[in-house]
Every structure is written in C-alpha cells, then in structure tokens.
1. When you scan the stretch B:349-360, do you find a residue that is among the hydroxyl-bearing types (Ser, Thr, Tyr), assigned to a helix (DSSP H, G or I) and surrounded by fewer than 17 Cβ atoms within 10 Å (Cβ to Cβ), even just one?
2. Mind listing whichever residues of the stretch A:153-191 are over 16 Å from the mean Cα position of the chain (by Cα), within 12 Å of another protein chain (Cβ to nearest Cβ) and among the hydrophobic types (A, V, I, L, M, F, W, C)?
3. Being more than 14 Å from every other protein chain (Cβ to nearest Cβ) and outside any strand (DSSP E or B) is the filter here, so list the residues in the stretch A:127-147 that pass it.
4. In the stretch A:57-115, what residues are of a type in the set (D, E, K, R), facing chain B (nearest Cβ under 10 Å) and outside any loop (DSSP other than H, G, I, E, B)?
5. Picking from B:VAL192, B:VAL185, which residue would you name as being outside any loop (DSSP other than H, G, I, E, B) and more than 10 Å from chain A (Cβ to nearest Cβ)?
6. Show me the helices (runs of 4 or more DSSP H) found entirely inside the stretch B:220-339 where at least 3 residues are under 30 Å from A:ILE94 (Cα atoms).
7. Give me the pairs, please: first residue somewhere in the stretch A:243-258 and over 18 Å from A:GLN87 (Cβ atoms), second residue anywhere and acidic (Asp, Glu) and surrounded by 15 or more Cβ atoms within 10 Å (Cβ to Cβ), beta-carbon distance under 7 Å, and either six or more positions apart or on two chains.
8. So A:ARG46 ticks every box in (1) at pLDDT 85 or above; (2) of a type in the set (Lys, Arg); (3) surrounded by fewer than 19 Cβ atoms within 10 Å (Cβ to Cβ); (4) touching a Gly at 6+ places or on another chain (Cβ under 9 Å) but one. Which box is left unticked?
Amino acid sequence: MTRPRLALAFALLALAPLAARALSPEEVRRVVKTVDERQRNAGDWRSLCYMEAKEKDKSDVVYELTVFRRSSDQKFMLLFDKPRSEQGKGYLRIEKNLWFYDPGVGRWERRTERERIGGTDTRRGDLDESRLAEEYDAVWEGDGKLGAYQVHRLLLTVKPGVDVAFPQIRLWVDQATHNVLKRQELALSGKLMRTSLYPRWKKLHSESKKGDVWFPEEMRFYDEIEKANQTLILVRSVDLRALDPNLFTKAWLEAKSR
Amino acid sequence: MLATDLLISARNLARHTRRNLFLGGAIALVTALLVLLGGLTAGIREAMLDSATTIMTGHVNVGGFYKITSGMAGALVTRYPEVLADVRRHVPELSFVAVRGRGYAKAVADTGSMNLVLAGIDVAAEPRFREVVQLQAGSLDALREPGTILLFEDQAKRLGVGVGDAFTLSAPTARGVNNTADVRVVAVAKSVGLLSSFHAFVPAGEIRRLYQLRADNTGALHLFLRNPAQAARVAARLRDDLAHDGWKVMDADPQPYWQKFQRVNSEDWTGQRLDVTTWEDELSFLTWILSALQGLTGLLATVLMVIVVVGIMNTLWIAIRERTREIGTLRAIGMQRRKVLWLFVLEAALLAVLGTAAGALLGWGVAAAVNRVHVAVPTAVQFFLMQRHLTLSLHGLTVLRDAGGIALVTTLAAFYPARRAARLEPVTAMHHIG
C-alpha cells in the first residue's frame, strides 16, 4: 500500500465512529413505540388548550378549549370555551365517527376524523393520544442535530388500509428522551404540507399508567402550502384523574351549552 | 255593427285629443316599462341558463355521492360507464352528454389563495364549452394536457397569476387523505358573473389524480336535452327508471350538490347513491336574484296599474260629466242602457289597446337599441346579472301577454263609470248643465 493510500485508510478509520450508525428496522420500531408509549396515559385525560391561529389577510383568532380523552376505548371530546361566538361548540368521537355540535343550530353533524379543528391547521390527532406505531411503518433516514439536540430522523408511511390525514410523516426524535421535536407531514403527492415544532415537553405522574405521561406543552404548526398560516397550541392544566363515566355523550356536550 | 261602435268610440277619443293622448301615453309608458322589466328578467334567466349549463350543470344531471364510511361522502358516480349506458337507454330526448369530474380544492399561489370548485372536463368532447367560454388569454386546447387549469379573470386576479404561472391545489381525497397537485394556468376566460367567481376547469384526469379516483369514477353526467323545458319531467322519469334498474337513487331534493354534503354525511349509509337533478335544482342558490327581480317587477306593475286605473276612471268620470246631456238624448231616442255601457267600455278598451300597442312597440324598440349598443354592465352588478353587456330578451308571446293584461285591467277599470253613465235617467241627464 502506498503512503497516501495508507494515510487515507487511517483517516477513514479515525472518522468511522463519528458517522451515524443506521438504526435497524427493529430499533426504528422500538423508537416509534417509545414515542407513543411515553405519551400514553392508559386512563382519562382532561386539559385546557389555548389555540391561536394566524391566517393571511385575516385577523388572528384565539380559542380556549377543553380536551377530554379516555384511553380504554379511544374516546375523545373537545369543548370550546372561548371566544364567546364559539362557546358550547364541540367535537365528540363515537367509535370511528367524529361529530360536531353547534349550539347555535342545535344540531350534530358528522365530520371526517381529519377535520381541521375550528377551521385552523389543527387536527383531532394533534390533541389525541399518539398512535404512530399503530398507523404507520417507519424507516430510519438518518441521525443528526436539531438545534442543541441529537436526533433520529425517521420517515413514517401509513400502513395499508389505515385512513390518516397525512400518508407520510417525517419525525425528528430526540435521541436522549424519545420526545418528538419536529414533525413534517407530507401529502400523497409527496409535497410538504405542514411542519410542526414541539419545543416544550412536560411530564405528569399517572396513577392509571403507574408511570409518567409526557405531553407537548407547546405545539407550533406551520402551513407549508399557505406559508403565512400558523397555529400555536398551549396545553395547560392537565388532569389525569378519572372523568365522569357518562361524559363522552352527545347529551353531556349539549347540556354544557344550555 | 261593431265597426260602427268602434268608429263612434274612435271619434269620441279624437274629440278629446289632449286628455286621451295623456292617458294613452301613460298606458304606453307603463306597458313599455313592464315589457323592459320582463325582458331584463328573461335576459338574466337565459344568461343564467346559458352560462350555468356550460359551467356547472346540464339540463339534467346524474350525480351522486359515494360514502366509504357513513360520515365521509364524496361527490362521485362510480361505474359511470354503466350508469351512462342506462341513461342513454332511458332518455330518448338526449342531445348529448358531458362527463364531468367534481371537486373542491384550495388554490394557493405565491400572492393569494382561494377556494375553487373544480370541474374535470374533456374539452375535446364539449364543443359548446368553446362557444360559451370566451378566452382573455391562453388556449383551450392546452387544457388537454395534464397538470393544467383554466381560470376566470377574477380568480386569476385574486390569485395573482396569469397564463404560464403555476400554483398548488390542495384537497383531501375521497378517503380524507391530504393531497396536492401543482397546476399551470393555460387559459384565462372572461368572467360570466357569479358562477365564474368560484368555478375553475382542469382536465378530467387531474381530478382523478388529485382525488385518487379510478378510471370508471366521475363527478356527474351532464345531460343536455333537445328541449331544455322538458328537464323536470325527464329528471323525474329518469329517477324512477334508474331505481328500477337497481341503482340506489336519492329522493328529489332541489338543491345544488355541494349543499347536500351536510345532510348526506349525517345519513347512515355507505356505498353509492345516485342523485338526479335539473339545472334549476343546481342553481337554486341563485334563484333569489330572479325572485327579487320578479318581485320588483310585480310591485312596480301593481303601483303603475293603480295609477293607470285611477287615471282611466277619472278620465271617464270627466267624459261622462261632459257628455251627460248627450247620454240623456241618446237614452231619450231609444238607446238601451246596455248599449251606453258598451260604448263607454269600448272607448276605454280602444284607448287601452292603442296605448299598450304603442307601449309594446316602444319597449321593443328600446330593448333592440339597448341590445345593439352593448351597454356594459358595471362589474359589481355583473356578479348578479351574469351578463357582461346588458341583454334584454323579448319574446312575442310574453309581450303580448303583458300588453293584453294591461289592456284588460284598463278596460275593466272603465266598467264602473260606464255603468254609472248607463244608469242616468234620460230626463235628468237632458236637464244637466255641465
């Protein structure tokens, strides 16, 4: 071996530990499962959300809403508290159907599960439990840095027969905590539609889970098609105590607006 | 005998030229005004039918909804070649069929965005489209290429795009999965009012790509009949025939398809249901314009007719007062009361016929002049009138009906004073000093 070639071989050997090691499919599955597991509550959930939506050529709107969840049967309900014009409106998921109630007309309307909540860039899934492992197959795209964090970059593709809003998702998962720090959602055409940032995560001890439940305290959604549109969600006052067994009913939601 | 009576009436009218000219002129003006208003309403209706049956509807439509789950409906006709074959069998009145894709998407350009109702079209198969849609820029033939779009001038302005520019269409597929399509503007058409403010055209294949539809799926079959007046009858019959063939057909609901999503989504069924509508159903959200105009015409007609009735009664009262001694003499030499009544009514009828005939001619002339000089409609009004140039559409029968109605009311108004004249006692009448 000539001297320059030998030098190159040594250099490559020296740099080898710095190069990212590809995660095996099993490791990728484990990462995605961990992402879900950390957010899983295995019980009831109640939280207060502040949602601020900015849209081009429109005045900003701020919603205050209460989110109710029950892990056992994947129940989900949203109740708008503010502004006054939205007060009493709500979404309720019964089995696979998402229903919307408007007290102004006193009528329930069936909506798609991928409905934009309150016309903003927020979807039901953003406020519900994470079910990435159930809905998507993931592949490792690379490791890298996102700001100060060392992250895994994963590409998730929807499993056949599963209906989701975005057929492909790219995740930046913090290697240290397995919290999602950044998420990109792609359309069927492959075009980037939305980028989400999760800068603050918080944990709470859950009696039902007998462990910690992690949740993003702040979520920022950026519309990549209409660049000027963005939504900020702040999650506050999370309560993991058991909710009234009859809470997830149309009658309960209707009663709140009377 | 009638000729003699008419001659007497005409002479009486001629004796009071000024008064009768004034009254006849008023009748003529009212007639002309009503004829023009009728022409405007008919013009709008015809423009609406013309642009609507090019842009968004056939005379009869076979559309429908396909639901994957009971809460998620898509405006789709699946297995459309089979539906089309059945339609052709059941509608002998058919002139031609346009197969159109239906969609709704958000259009996002660099400087603007808006929601668009998309129509998937095969321009080669729709020669009428070429006749009605007037291009401002670009080429209709280019709309055959995939990834292209035709916009109307207001949409292009709002999105800040022109021919050659590209922008993104974003919409969920029939399964609710987000999808996008980048399209290039190949043609910008002149606006044709309200309908062109939110309708845009893409090649049929583009709709299938955006919504991930199979080749045998489409939005609706637009049926064009040889006689559009038969639309309601054909639609009702076709609804029954398709149901008889085994297709699930929705009950008649006079609303455009996009207003039915809420109801359809709340119903507990899945699969395909066909919906047969007429052009009037699809345009029901616009009929308020015609109703408002017809209401205004009706109100104006009533006010004007009251004025004419009061005028004619007043004129006859004066005439009777002036001719009381004459009436007395006629009665004294043997003229029957019925004959006196007849002469006065005939006089009024003659005035009414002459007045309405002059008014109809005047209205017709003004309408022809307006149509000839192409009066430009202000942009804001174009939106509702669906016309770029004011077009008054007059039909002989309609004009005859309006003029006849006014003449009849005027004649009837003369009946009461004429009856009073006929009731005068000859002796009293002859001694009358007036």
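The values are calculated or read from the model by the stated rules, or taken from the named source; none is laboratory data. Predicted model, so just to flag it, every value in this text is computed and none were measured. Quick reminder, even Gly has a Cβ in these numbers, built from the backbone with ideal geometry, and neighbours come from all protein chains shown.
1. Scanning the stretch B:349-360 turns up no residue that is among the hydroxyl-bearing types (Ser, Thr, Tyr), assigned to a helix (DSSP H, G or I) and surrounded by fewer than 17 Cβ atoms within 10 Å (Cβ to Cβ).
2. A:VAL162, A:ALA187, A:LEU188
3. Listed by number, the residues that qualify are A:LEU127, A:ASP128, A:GLU129, A:SER130, A:ARG131, A:LEU132, A:ALA133, A:GLU134, A:GLY147.
4. Answer for the stretch A:57-115, where residues must be of a type in the set (D, E, K, R), facing chain B (nearest Cβ under 10 Å) and outside any loop (DSSP other than H, G, I, E, B): A:ARG107, A:GLU109, A:ARG110, A:ARG111.
5. B:VAL185
6. Ranges flagged: B:261-266.
7. A:LEU243/A:ASP44
8. (4)
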